[in-house]
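Report on the structure given below.
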């Protein structure tokens, strides 16, 4: 008996990116497209694109860069 396998959209996006990696289109050390760009290209939500990237990261195919603070927050007004 053959099971029906449902592949979620984020898994489909991750598969496309995996293929690009295996073909050498995306190479080690190279920047991958941003989450927003993949979202637009694949016509999926940013959340779906982010889930695809989380999956690729879990599989050890990509690595998220460190997030850095761009500017300090404004000081809160003094309380009375």
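So which residues in the stretch 19-38 are surrounded by 12 or more Cβ atoms within 10 Å (Cβ to Cβ) and either part of a loop (DSSP other than H, G, I, E, B) or touching a helix residue (DSSP H, G or I) at 6+ places or on another chain (Cβ under 7 Å) (or both)?
Hits for the stretch 19-38 are 26, 32, 33, 34, 35, 38.
For the stretch 13-46, what are the residues that are touching a residue at least 12 places away in the same chain (Cβ under 8 Å), more than 19 Å from residue 65 (Cβ to Cβ) and more than 10 Å from the chain's Cα centre (by Cα)?
16, 18, 42, 44
Given the criterion modelled with pLDDT of 95 or more and under 18 Å from residue 59 (Cα atoms), identify the matching residue among 41, 12.
Checking each option against the conditions leaves just 12.
Counting only residues that are part of a loop (DSSP other than H, G, I, E, B) and within 10 Å of the chain's Cα centre (by Cα), which one in the stretch 47-80 is nearest to residue 26 (Cα to Cα)?
Result: 62.
The values are calculated or read from the model by the stated rules, or taken from the named source; none is laboratory data. Since we're looking at a predicted model, the values are computed, not measured. Neighbour counts are summed over all protein chains in view; Cβ atoms, including those assigned to glycine, are modelled from backbone coordinates with ideal geometry.
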